Amino acid sequence: MAQIGSSARSSVKGGTFAGLGPLLMLPSWVVIGFFLVLPVILMLVYSFLTKEFRGGVIWEFSVNAYDQFFFNRGLFGDEAPTIEWTYINIFWRSIWQAGLATVLCLFIGFPTAWFIATRSGHSKSMWLFLITIPYWVNLLIRTISLKFLIRDTGPMNTWLMSWGIIDQPIHIINSNLAVQLGLFYSYLPFMVLPIYASVERYDFSLSEAAADLYSTRMETLRQIIIPVVKPGIIAGCILVFVPSLGAFLAPDLLGGSKTFMIGSLIEEQFKGNAGNWPFGAAVSMILLSLVLIALMFYARSQSSARKATRAAD
């Protein structure tokens with residue numbers, strides 16, 4: 001009887017909106033199409049237009065923007081093309097900085113998420129509250145506050161000198177270290193929260209069983225805990241790496257000309273009359289393509305691993 005009642009209720013629920021699936025999804029598709037797909041299409045179109053001398057674009061299609069990114073043809077464009085390493089080095093610097101920020105966030109975020117997930121109910125809520133507090137303040141204000149904190153005459157150097165730890169200020173501003181601190185500070189919660197969600201669902205009896213079988217803590221961590229919470233780790237790494245790759249506030253405010261990153265390069269192309277909109281759009285599309293290709297390879301590898309696991313079972 002209970003099963004009959006349950007199936008009847010499920011059929012009623014399923015029949016309530018039967019045939020209305022596309023209509024229910026319409027608001028989501030409108031938002032995604034207008035605010036995501038349409039801007040990307042416009043950016044793609046602009047990347048193939050021609051720069052107007054006084055700013056803006058001329059509706060003449062060409063591949064000059066992509067050619068400018070990959071090749072150097074001299075000041076007047078009449079020399080034999082050579083590889084343009086300037087923009088490639090900016091991309092490499094951005095990938096390196098974003099990767100390092102991801103590793104640092106994982107190194108700090110994993111034990112933090114584990115600590116929060118193993119607290120009691122009230123204490124857990126308090127720690128989650130503390131993790132999310134920085135996001136009540138605009139990212140620009142937080143980055144400027146960090147710049148004030150670590151500058152040569154800022155509180156950090158003042159305290160260290162007053163305690164006798166250092167004799168002169170530590171110069172951090174306008175360096176790769178300052179940019180790295182900005183990225184780490186900005187995106188650490190993006191690592192903590194997904195891992196916390198995975199750890200909270202973790203069955204701690206598995207660790208107890210491993211301990212009964214004389215497994216060391218490192219073996220338990222490597223062979224049991226990390227494979228179980230792997231989805232949260234991967235989600236956190238993606239959520240940190242992708243925005244760090246295109247960040248421009250941290251490089252602009254905390255770095256200098258030697259710490260130029262992709263986000264700063266794109267931003268510069270859309271500022272004022274001196275900007276080059278087609279080139280900025282082309283750099284954006286190259287960045288988007290690299291991220292999508294990396295995610296596609298990851299998705300394919302995960303799919304292959306799941307198929308192999310099912311075949312082994």
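Summary table
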| item | result |
| --- | --- |
| Test for S62: is it of a type in the set (S, T, Y), under 16 Å from M285 (Cβ atoms) and in contact with a Ser or Thr (Cβ under 7 Å, 6 or more places away or on another chain) | yes |
| Condition check for S284: surrounded by 21 or more Cβ atoms within 10 Å (Cβ to Cβ), farther than 23 Å from E52 by Cα and hydroxyl-bearing (S, T, Y) | no |
| Within the range 21-119, helices (runs of 4 or more DSSP H) holding 2 or more residues that are at pLDDT 90 or above and within 30 Å of A197 (Cβ to Cβ) | 21-32, 38-46, 85-117 |
| Any chance R73 is free of Cβ contacts under 8 Å to residues at least 60 places away in the same chain and among the basic types (K, R) | yes |
| Residue satisfying all of: in the range 136-157; hydroxyl-bearing (S, T, Y) and assigned to a helix (DSSP H, G or I); surrounded by the fewest Cβ atoms within 10 Å (Cβ to Cβ) among these | S145 |
| Residue match in the range 43-56 (condition: in contact with a Lys or Arg (Cβ under 9 Å, 6 or more places away or on another chain) and within 30 Å of A250 (Cβ to Cβ)) | no |
| Filter result (touching a residue at least 12 places away in the same chain (Cβ under 8 Å), out of contact with any Leu (no Cβ under 9 Å at 6 or more places or on another chain) and of a type in the set (A, V, I, L, M)) within the range 214-233 | V229 |
| Matching option when the condition is among the hydroxyl-bearing types (S, T, Y), within 22 Å of F70 (Cα to Cα) and either modelled with pLDDT of 95 or more or surrounded by fewer than 17 Cβ atoms within 10 Å (Cβ to Cβ) (or both), among S264, S257 | S257 |
| For S303: the one exception among (1) under 22 Å from P194 (Cβ atoms); (2) polar (S, T, N, Q); (3) crowded, with 17+ Cβ neighbours inside 10 Å | (3) |
| Residue list for the range 126-135, filter: of a type outside the set (A, V, I, L, M, F, W, C) and either crowded, with 16+ Cβ neighbours inside 10 Å or farther than 19 Å from F248 by Cα (or both) | T132 |
| Flag if D252 is of a type in the set (D, E) and surrounded by 19 or more Cβ atoms within 10 Å (Cβ to Cβ) | yes |
| Of the criteria (1) out of contact with any Lys or Arg (no Cβ under 6 Å at 6 or more places or on another chain); (2) surrounded by 20 or more Cβ atoms within 10 Å (Cβ to Cβ); (3) closer than 24 Å to R93 by Cα, which one V229 fails | (3) |
| Any hit, the range 113-125, residues being closer than 23 Å to P243 by Cα, surrounded by 15 or more Cβ atoms within 10 Å (Cβ to Cβ) and in contact with a helix residue (DSSP H, G or I) (Cβ under 6 Å, 6 or more places away or on another chain) | yes |
| Among residues of the range 71-85, those that are surrounded by 14 or more Cβ atoms within 10 Å (Cβ to Cβ) and either under 13 Å from W277 (Cα atoms) or in contact with a Phe, Trp or Tyr (Cβ under 9 Å, 6 or more places away or on another chain) (or both), counted | 2 |
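The values are calculated or read from the model by the stated rules, or taken from the named source; none is laboratory data. Just so you know, these numbers come straight off a predicted model, no measurement behind them. Every residue, glycine among them, receives a Cβ derived from its backbone with ideal geometry; neighbour counts consider all protein chains shown.
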